[in-house]
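The values are calculated or read from the model by the stated rules, or taken from the named source; none is laboratory data. Remember, predicted model here, so these are calculated numbers, not experimental data. No Cβ is skipped: glycine too gets one built from the backbone with ideal geometry, and neighbour counts run over all protein chains shown. Surface areas here come from the heavy atoms of the whole protein model, side chains and all, with no ligands, DNA or RNA. Shrake-Rupley method; radii C 1.70, N 1.55, O 1.52, S 1.80 Å.
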Amino acid sequence: MNDLDDLVQSAEADFAQAATPAELENAKARYLGKAGRVTELLKGLITLAADEKKSRGAAINQVKQHVEAALVARRQSLADADLERQLQAEALDVSLPGRQRGRGGLHPVSRVIERIEAIFGSMGFEVADGPEIETDWTSFTALNNPENHPARSMQDTFYVDMKDAQGRWLNLRPHTSPMQVRFARAHARKYADCGAMPEIRVIAPGRTYRVDSDATHSPMFHQCEGLWIGENVSFKDLKVVFTDFCRSFFETDDLRLRFRPSFFPFTEPSAEIDIAFSSGPLKGQWLEVAGSGQVHPNVVRNFGLDPERYIGFAFGMGPDRLAMLRYGVNDLRLFFDNDLRFLAQFM
Ligand code: DAH
């Protein structure tokens, strides 16, 4: 093998060893650069005699062409490898299932409220909605809860830095009971000229607020008010309706109701409604589910109705509490932490 063949082989080996375009360009310089081996050979021609120069020159030129061809080939194979790597890295597996859009769902408390609405709706109750920022009159005074009366402190009310037309602080409603007043007054007005009025049957679910926070109390919670006013409505009706409601709500006839004497300024007499299941994990335990009572004559008067003619009852229950019982949740705060690991269980 002569020195020229040797050079071509050595260039090919060098190029093959270059793993990157930069290494390849360095290797090229060693052969074809200004001081490269091929260039040096060409420079050496100057010392040769004319005829020798011709044949040697042709041979070196051939070597140069081989080296250049090897260089181009290696450049191409490095570029191919690079492209292949890139394709691999960016490979798409079109057989993978697509990314699905997260499925939304109703919050457990919303589901419970919908359930309450559906059940009371089937018993002829309307569903009403009202403001969460209330006046002093609707939250307290109209409900027979006079200013400075100690019963006002039953609720640790949030006040709003804004006053109503009477110069009294507005409040974040501490219960849904103001809706009794709003709905009954509108209803009474609507039929004022008719000489008679269809019964008021309404529930009013919504958000309520108190300065209260522990495992069973949250500063924002829910209540659902109920009001049934007519010319001939009694506690017996309340018991029937509420028993029916509880049986539908908990999907069992296996429960009993108990009225436990209590006090609310807006009802007289007043009672807490307790239920007890006859089977299941809570068997035999009395659980408070609502406050209730016969609407106080002063409140009926504030509805714009004659308490000698109209009588009825009201109740207020806690959908959060009902949700805890229905779903077996023991910490109210879970409903409001918005942890999807908890909420997703109800979807
Ligand atoms: N508003 C009462 C509370 O927040 C609940 C209540 C009790 C509502 C008796 C009523 C009722 O309508 O008659 O504790």
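Selection of first residues in the stretch 175-204 that are closer than 18 Å to V233 by Cα and part of a loop (DSSP other than H, G, I, E, B) and of second residues that are away from the ligand (no atom under 16 Å from the Cβ) and open to solvent by 10 Å² or more (accessible area, probe 1.4 Å), restricted to Cβ pairs under 6 Å at least 6 apart or on distinct chains, gives the following pairs, ordered by first then second residue: M197/Y191.
Taking G312 as the residue in question, decide whether it is open to solvent by less than 10 Å² (accessible area, probe 1.4 Å) and part of a strand (DSSP E or B).
On the way: open to solvent by less than 10 Å² (accessible area, probe 1.4 Å): yes; part of a strand (DSSP E or B): yes.
In short, yes.
Taking every residue in the stretch 292-303 that is outside any helix (DSSP H, G or I) and pairing it with any residue that is basic (K, R), at least 6 positions away or on another chain, the pairs with Cβ-Cβ distances below 7 Å are F303/R185.
Listed conditions (1) aliphatic (A, V, I, L, M); (2) loosely packed, with under 12 Cβ neighbours inside 10 Å; (3) over 30 Å from R341 (Cβ atoms) are all met by V63, apart from (2). Scanning the stretch 124-133 for any residue that is over 14 Å from T208 (Cα atoms), open to solvent by 70 Å² or more (accessible area, probe 1.4 Å) and at pLDDT below 95 turns up nothing.
Yes or no: D93 closer than 23 Å to F264 by Cα, more than 16 Å from the ligand (Cβ to nearest atom), charged (D, E, K, R) and open to solvent by 50 Å² or more (accessible area, probe 1.4 Å)? Full working, then the answer.
Numbers: closer than 23 Å to F264 by Cα: no; more than 16 Å from the ligand (Cβ to nearest atom): yes; charged (D, E, K, R): yes; open to solvent by 50 Å² or more (accessible area, probe 1.4 Å): yes.
No: the conditions fail for D93.
Name every residue in the stretch 266-291 that is within 13 Å of the ligand (Cβ to nearest atom) and either in a loop (DSSP other than H, G, I, E, B) or open to solvent by less than 50 Å² (accessible area, probe 1.4 Å) (or both), in order of residue number. Before you say what the answer is, go through the steps one by one.
Initial filter on the stretch 266-291 (within 13 Å of the ligand (Cβ to nearest atom)): 266-273, 288-291.
Selection gives F266, T267, S270, A271, E272, I273, V289, A290, G291.
Here F245 meets the list (1) hydrophobic (A, V, I, L, M, F, W, C); (2) within 14 Å of the ligand (Cβ to nearest atom); (3) part of a helix (DSSP H, G or I) almost entirely, failing just condition (2). Of all the residues in the stretch 134-156, those that are over 23 Å from V300 (Cβ atoms) and crowded, with 21+ Cβ neighbours inside 10 Å number 0.
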